[in-house]
Structures are given as C-alpha cells and as structure tokens.
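Worksheet for the structure shown next.
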Amino acid sequence: MDANPDLPIPVSLIAGRYLLFAIDAVTYLRREHHICGVTIGTLPQAPQQNVFLGLPLELMPEEVRLLVEKGLAYVIDDAKAHQQGLVNASARKRVHYVKHLRDKGRQAAISQAGAKEHSKALALSKARSKALKAPTIRAASHDESEDTNLTDTAEHDSLFAPSSPSGLATSDSQPITNFGVTPASSASLLTPPPSPPASEASLPAVPESYPLFKHLHSNGYFPLPGLRFGCQYMVYPGDPLRFHSHFLASYVGWDEELDLMDLVGGGRLGTGVKKGYLIGGVEKKKNQDIPDMQTERVRTFSIEWASM
C-alpha cells in the first residue's frame, strides 16, 4: 500500500504504550522515516502462535518523541478520544459507519465466492484435460452400452434440472452470507480526528539514551529494541527485512564510570554474533555540569574482538 496518510499522524496512547493501528501510517513511517516499531497483534488466521504477528504496531518512546519533534505525529489518549468521539457522534454518522462495515463484509464474501468458483473451474479444466490425454481402449459393444446409459442419465437429469439457461446451478442463485468485519482502526468513526495539542508538554517522556537513538537515526540507521542481545538498540544499516544488524548499541553518560567487565562482555558478545558493540553518549563541554541534550553532539565508539 503506497497511500500516504494525513499528517500529523495520531499515535494512540493505551495503558502507557504507543500504538499505531492504521496500515497506511505504518508503511509510510517505515518507508519514508525509518520507523519500524514492533508488531504485537495476533493474526486472525493463526491466533494461537506468536512467531508471526500483525497490527497494532507498538512504537518505542524514542520513536514517538522523534516523530513529534519533526511534526509527523502527535499523541492522543485513545480511551478519552473514543469516549468523546462516540458521545459527540450523530445518529446519522453511526448508521453510516455500520452500513460501511456491512458493505465491506459483503464485498469480502462476494470476493471469496468468486475465488471459489474460479478454483473450481480450474480444477474441472485440469481434470478434463487429464482425461483427454489418458489412453482409452474400449470395445465397440461396451461403448454402445455406455452411450445408452449416458443418454438415459441425461434424459433423467433433464427432468429435474433447474430452469437456468445453462441447466447448472450458478453462484448467483445461492445466497451469500455477509462476513463480519472487525476494523483495525476506528478512525472513520472518529471524524474529524482529535486535533494535535499545541503545547510542548505533550512530548512523550524518553529514557536518557534518546540522544544516542536520535544520532543513529539521523545518520540513516534503523534502531530497534535490543533486549534480545542485552543492549538498548540493535542498529540496522537498512530495513530489517533486508539486512542484519551491524551494531549492538548502549548509551553511556559522558562522566559515567564504565565497568571493564561490561565492556569486555559487550564486545565479546557483539563479535560472537558478527556485530560490533557500540557505546555512545553526549559530549560534555568544559565547565558544563549537565550536557545539553538538544545542542550537544553525540560521540560513539565501536568495540570488536579481532581474534575471534
């Protein structure tokens, strides 16, 4: 889906988690702004497994903060927005919303019925072509008796055949049951969408590692959660669907004491999984007690074990 959503994109805040439900917003942010997030929704076809997941998409606070600062998104309280939207929705809008869902269900049912008819026609065509290619050796007497049986059967079937022009029951004569549609997003019901807040107080809180995340993202990398390898971010040079991660990144304060065992463990772990162990922090200027996260530059260092 290549459609671009309306900007800024509303990000739903539910129970302290930032979620996206619209597929067009998910694909747009991934394609244009290197924001991947993590899918946490089960698939309707296989709800008992957690290997392949779908919508909604959960975003890290760092990703949401970056989008808000760039004016690409804003955060809304999902429960409050739905409560206000449903209270203010007119009866006409509710009827239109229900009709829209029913129409989508009927379209899906018709599409599935058409696909079944197409598959059935292909199967019959393959069976006929296979029967024509098979060798047939029959005696003349057997053929005559068989033709007689076929003629009797055809006459018998013609007495009870339906009154359609082709003599066969078509899919149009069968009732089509509409599918029940559960929409992934209720944005069409909450129209117009909640307006973005004007104050900077709506900026989501982020961990102290946010400058490192922002630095990596600004240099074209794809930072994703790094819990799998015991770090803060897994850093990909491109889309994670196409590339393996190159670095295991962790944030370290400029004056923070770094345990040598953590440094050795991170470096050996990164080298063992064919990645570099990257540490970074905000450089603090002279006579400055607390570094400015907005103006200071981030310094990064990569550690690898060449002998492994």
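The values are calculated or read from the model by the stated rules, or taken from the named source; none is laboratory data. Please read these numbers as outputs of a predicted model, since none were measured by experiment. Reconstructed Cβ throughout: ideal geometry from the backbone, glycine too, with neighbour counts over all protein chains shown. Remember, those area values only see protein heavy atoms, side chains included, never the ligands or the DNA or RNA. Shrake-Rupley method; radii C 1.70, N 1.55, O 1.52, S 1.80 Å.
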key: Potential extension, Gln45-Lys274 segment - 0.36 nm per residue separation minus Cα distance   = 78.9 nm
Rounded to the nearest 10 Å², the accessible area of Ser129 at probe 1.4 Å = 50 Å²
request  = Run the 1.4 Å probe and let me know the accessible area of Thr300, rounded to the nearest 10 Å².
outcome  = 50 Å²
Area of Met261 that stays accessible when all protein chains are in place (1.4 Å probe, Å², to 10) = 140 Å²
key: Per-bin percent of Cα-Cα distances, region 1-119 [10 Å]   = 11, 30, 35, 20, 4, 0
task = Take the alpha carbon atoms of region 201-269, find their radius of gyration, then divide it by 2.2 N^0.38 Å using N residues; give the quotient.
result = 1.21
inquiry  = Taking the Cα of Arg94, stepping 7 Å toward and past its beta carbon, and measuring to each backbone N in region 52-79: which are under 20 Å?
reply    = 79
key: Stretch gain in nm, segment His118-Val87, where the contour uses 0.36 nm per residue and the Cα spacing is subtracted   = 6.6 nm
ask   = Val264 to Lys284: FRET efficiency via 1/(1 + (r/R0)^6), r the Cβ-Cβ distance, R0 25 Å, to the nearest 0.05?
value = 0.50
key: Pairs beyond 28 Å (Cα-Cα), from Lys104/Lys130; Lys70/Lys275; Lys214/Lys285   = Lys104/Lys130; Lys70/Lys275
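I need the peptides 33-43, 82-92 ranked by packing, meaning the mean over residues of other C-beta atoms within 10 angstrom, with the highest value on top.
Values: 33-43: 17.0, 82-92: 11.4.
Sorting 33-43, 82-92 by mean packing, highest first, produces 33-43, 82-92.
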Per-residue ³J(HN,Hα) for region 223-237, Karplus 6.51 cos²θ - 1.76 cosθ + 1.60, θ = phi - 60°, Hz, x for Gly and Pro = x, 10, x, x, 4, 4, 10, x, 10, 8, 9, 9, 9, 9, x
query = Where does each of Lys116, Lys284 land when they are ordered by accessible area, with a 1.4 Å probe and the largest first?
reply = Lys116, Lys284
note = For the Arg299, Ala79 Cβ pair and Förster radius 30 Å, calculated FRET efficiency rounded to 0.05 is 0.10
request  = Give me the number: length gained by fully extending Ala127 to Arg106, i.e. 0.36 nm times residue separation minus the C-alpha to C-alpha distance, one decimal in nm.
outcome  = 4.4 nm
Bridge type composition, region 207-307 - antiparallel percent by DSSP, nearest 5 = 70 percent
